[in-house]
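These notes concern the structure reproduced below.
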Amino acid sequence: MHALSIRNLSKQYSNGTVALQGIDLDVAEGDFFALLGPNGAGKTTAIGILTSLVNKTAGSISVFGHDMDRELEAAKACIGVVPQETNFNQFEKVFDIVVNQAGYYGIPRRQAVPRAETYLRQLDLWEKRDQPSRNLSGGMKRRLMIARALVHEPRLLILDEPTAGVDIEIRRSMWRFLEDINARGTTIILTTHYLEEAENLCRNIAIIDHGKIIEKASTRRLLHKL
Ligand code: ADP
Ligand code: ADP
């Protein structure tokens, strides 16, 4: 079964901009997959559609076999998303941000608390657990977004430009963390405009430009071609 299966996905915004033009994409369970492309290629639009923030114009998406039109709740339960923009309540404490997210998925607090501790420790945020989110640096906020996206233990984690603007040391530690959860079975898809990020981390790469997938290959094969 595919973790993600996209057929003929198109998006035209109401101002007429065509952001996606008939995308087809399959991502295997367990994969570490990059959607690589320049600014304006359509990456954030694709993620917006996957999180129901943006309405698609046409096409279909299924997540672990759950069609997003017919079985949205089941599909959503399988996905964790880390958007580009942080959107925390700036006065809420780091620990509460992660635990409270579990409530949206109907996960009891007694299950959420140990998970929050695990992810905050792994992401080097445990010392900050009682701080309001506004006290965190940009790189810490990025890592908090990841902890929050994992608290319902999704089978598929999708990250939009996860390390953009993050300094090299933090970027490396985020890479190690993502490799680790992928090794434990979580399928990962990230968007990036850094070739280096895609080639370092990902097993398979799709290149998107002007709303179309122009190339799809294993990282190894793609690097031979470039
Ligand atoms: P939809 O077609 O999904 O209904 P809209 O066209 O209504 O979406 O746009 C959603 C929001 O995005 C609006 O608030 C709009 O102002 C904003 N927006 C418009 N153009 C851009 C752009 N190029 N990049 C990012 N956001 C934009
Ligand atoms: P990327 O994430 O690859 O940079 P986007 O999905 O943000 O690409 O943008 C794809 C295209 O859609 C761009 O031309 C962008 O200006 C346009 N766009 C993005 N959001 C909106 C919006 N809400 N309304 C209108 N156009 C948009």
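The values are calculated or read from the model by the stated rules, or taken from the named source; none is laboratory data. Keep in mind it's a predicted model, so treat the numbers as computed, not measured. Glycine also receives a Cβ, built like all others from the backbone with ideal geometry; neighbour counts cover every protein chain displayed. Note: areas computed on protein heavy atoms with side chains; ligands, DNA, RNA excluded. Shrake-Rupley method; radii C 1.70, N 1.55, O 1.52, S 1.80 Å.
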Per the filter on the stretch 150-174, residues open to solvent by 10 Å² or more (accessible area, probe 1.4 Å) and in a helix (DSSP H, G or I) are Ile168, Glu169, Ile170, Arg171, Arg172, Ser173
Just for the stretch 24-70: of the residues that are outside any loop (DSSP other than H, G, I, E, B), over 15 Å from Asp160 (Cβ atoms) and among the polar types (S, T, N, Q), which one is nearest to ligand 2 (Cβ to nearest atom)? Ser60
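Residues checked against (1) more than 15 Å from ligand 1 (Cβ to nearest atom); (2) over 16 Å from the mean Cα position of the chain (by Cα); (3) exposed (fewer than 13 other Cβ atoms within 10 Å of the Cβ); (4) among the β-branched types (Val, Ile, Thr):
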| residue | (1), (2), (3), (4) |
| --- | --- |
| Leu9 | no, yes, no, no |
| Ser14 | no, yes, yes, no |
| Phe32 | yes, no, no, no |
| Thr45 | no, no, no, yes |
| Leu53 | no, no, yes, no |
| Lys93 | yes, yes, no, no |
Out of everything in the stretch 95-132 that is touching a residue at least 40 places away in the same chain (Cβ under 8 Å) and part of a helix (DSSP H, G or I), what residue ends up being most open to solvent (accessible area, probe 1.4 Å)? Gln122
Members of the stretch 16-30 that are open to solvent by less than 30 Å² (accessible area, probe 1.4 Å) and either within 11 Å of ligand 1 (Cβ to nearest atom) or without any contact (Cβ under 8 Å) to a residue 40 or more places away in the chain (or both): Ala19
